[in-house]
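Chemist: This structure is in structure tokens; I'll ask about it shortly.
The values are calculated or read from the model by the stated rules, or taken from the named source; none is laboratory data. The shown structure was predicted, so the numbers you read here are calculated from the model rather than taken from an experiment. So basically every Cβ, Gly included, is an ideal-geometry build from the backbone, and we count neighbours across all protein chains shown. Only protein heavy atoms, including side chains, enter the accessible area calculation; ligands, DNA and RNA are left aside. Shrake-Rupley method; radii C 1.70, N 1.55, O 1.52, S 1.80 Å.
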Amino acid sequence: MTSAENEVVDLCRDLIRIDTSNYGNDPGPGERKAAEYVAAQLDEVGISSEIYESEHGRASVVAQWGGSSGDGLLLHGHLDVVPAAAEDWRIDPFSGEIQEGYVWGRGAVDMKDFDAMLLAVVRERQRTGRIPERPITLAFTADEEAGGMKGAHVLVEDHPDLLAHCTEAVGEVGGFSTTVKGRRLYLIEAAEKGMAWMKLTARGTAGHGSMINRDNPITRLSGAIARIGAHEWPVQLTPTMQTLLAAVGEIAGEEPTPENAERLVEEFGPAARMIGATLRNVTNPTMTSAGYKVNVIPTEATAHVDGRFLPGFEDDFFETLRKLCGDGIDIEFDQNQMPWETPYDGALVAAMERSLIAEDPDALVAPYLMSAGTDAKHFKRLGMRTYGFAPLRLPEELDFTALFHGVDERVPVDALQFGARVMDRFLDQV
């Protein structure tokens with residue numbers, strides 16, 4: 001077993017024990033302690049790094065590593081995690097305990113596991129002089145769980161010189177295995193939905209609750225969010241999903257079409273929860289607010305909607321959304337981040353595939369479209385080809401996608417070690 005395989009588990013546990021819960025707009029512990037930990041691990045093997053704070057405690061780490069041959073490659077992970085209520089968990093979510101062959105804790109799969117893989121592999125290669133000829137930028141960012149505005153966005157906007165040489169980027173969420181009809185299939189993220197976090201506002205005429213009022217903002221807003229929540233978006237296949245479904249169809253013995261796409265996605269078992277959301281746009285009303293007394297009709301009512309839209313179908317999404325809202329509804333965006341899709345080809349894709357197959361020869365590899373958002377949206381703005389590749393070989397019975405932001409988040413110890421081996425092979429080829 002290599003030193004990276006030995007280290008990756010302890011590094012993951014250490015990172016989990018540093019509470020970096022991101023509460024969005026509310027105060028939280030921030031990422032500073034985790035950033036200092038990462039910087040110390042790099043410094044210990046002679047890799048210099050810088051910590052960049054967007055505001056007090058909201059810290060990202062960037063280090064330049066590797067040689068000077070060719071264009072740069074960005075390897076990135078985020079340091080923040082979503083909050084966890086300890087009373088809901090079997091094991092303390094910030095303990096990093098090992099039980100039942102798993103490392104438990106918030107961030108075990110999202111995404112302190114990949115942070116640990118990067119650190120472990122880079123540290124071993126630096127110690128042994130196996131430094132890639134290609135220039136590598138390492139970035140460990142703040143605030144990804146709230147859209148990245150205090151992390152990756154700041155690096156792109158305020159420090160683009162750190163990333164100017166990078167033409168490709170690798171981060172989350174991909175490289176994990178699923179099982180389709182007994183075949184292990186590794187999914188590499190090659191596309192990502194857009195994210196529209198919207199505030200809808202209806203305004204009307206205040207009045208007494210006992211009287212007729214045909215300008216009630218709650219009534220108008222309720223109609224809009226009911227239409228949005230009930231709307232059946234059509235199946236629309238992007239090139240990435242066409243490639244994935246072709247691979248699944250080959251295993252299942254069925255030619256993929258828009259009509260049978262949902263049935264083919266069911267072959268992924270529990271992973272269909274996430275992959276199924278990439279066949280169509282999604283709009284979910286998530287919050288409402290109006291009024292202050294039962295017998296008073298208010299002048300304003302608001303609601304929030306989480307919209308996720310497919311690359312290539314942006315215009316259709318927003319046009320349909322405006323129609324669903326109807327007249328008298330104002331739309332503001334808390335976040336409006338565009339989707340992206342990178343062609344699944346080239347030397348970097350080949351390196352990812354070869355590194356996985358070398359460790360799991362009987363497996364298949366295919367691209368997929370991510371239903372949620374990652375920091376790749378920000379780095380994509382600099383023209384990088386971006387992919388999600390945090391390799392994990394997972395047991396078939398594990399409901400992996402349920403662990404993202406879920407209770408009892410955990411990652412198999414042997415999956416962490418597998419990931420370290422794969423990333424080491426990957427760096428041999430980049």
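Chemist: Applying the selection to segment 7-47, what residues are assigned to a helix (DSSP H, G or I) and either of a type in the set (A, V, I, L, M) or under 20 Å from the mean Cα position of the chain (by Cα) (or both)?
Modeler: Those that are assigned to a helix (DSSP H, G or I) and either of a type in the set (A, V, I, L, M) or under 20 Å from the mean Cα position of the chain (by Cα) (or both): V8, V9, L11, C12, L15, I16, A34, A35, V38, A39, A40, L42.
Chemist: Just to verify a result, which residue in segment 147-184, among those that are of a type in the set (D, E, K, R) and surrounded by 23 or more Cβ atoms within 10 Å (Cβ to Cβ), is nearest to the chain's Cα centre (by Cα)?
Modeler: E172
Chemist: Let me ask something else about it. Just to verify a result, which residue in segment 13-59, among those that are farther than 18 Å from A120 by Cβ and among the basic types (K, R), is least open to solvent (accessible area, probe 1.4 Å)?
Modeler: Only one residue fits best here, namely R58.
Chemist: Of the residues that make up segment 374-381, is at least one farther than 17 Å from M195 by Cα and of a type in the set (A, V, I, L, M, F, W, C)?
Modeler: No - not one qualifying residue is present in segment 374-381.
Residue by residue, here is whether (1) assigned to a strand (DSSP E or B); (2) of a type in the set (D, E, K, R); (3) more than 24 Å from L348 (Cβ to Cβ) holds:
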| site | (1), (2), (3) |
| --- | --- |
| V173 | no, no, no |
| S177 | yes, no, no |
| Y186 | yes, no, no |
| L200 | yes, no, yes |
| T205 | no, no, yes |
| S222 | no, no, yes |
| I228 | no, no, yes |
| M241 | no, no, no |
| E254 | no, yes, yes |
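Chemist: For segment 378-395, which positions are part of a loop (DSSP other than H, G, I, E, B), of a type outside the set (A, V, I, L, M, F, W, C), touching a helix residue (DSSP H, G or I) at 6+ places or on another chain (Cβ under 9 Å) and open to solvent by 10 Å² or more (accessible area, probe 1.4 Å)?
Modeler: Those that are part of a loop (DSSP other than H, G, I, E, B), of a type outside the set (A, V, I, L, M, F, W, C), touching a helix residue (DSSP H, G or I) at 6+ places or on another chain (Cβ under 9 Å) and open to solvent by 10 Å² or more (accessible area, probe 1.4 Å): R381, R393, P395.
Chemist: Would you point out the residue of segment 115-146, among those that are of a type in the set (G, A, S) and open to solvent by less than 10 Å² (accessible area, probe 1.4 Å), that is nearest to A376 (Cα to Cα)?
Modeler: For segment 115-146, the residue satisfying everything is A139.
Chemist: While we're looking at this one, here's another question. Select, from D362, D414, D375, the only residue that is open to solvent by 20 Å² or more (accessible area, probe 1.4 Å) and either of a type in the set (G, A, S) or more than 23 Å from D92 (Cα to Cα) (or both).
Modeler: The unique qualifying residue is D362.
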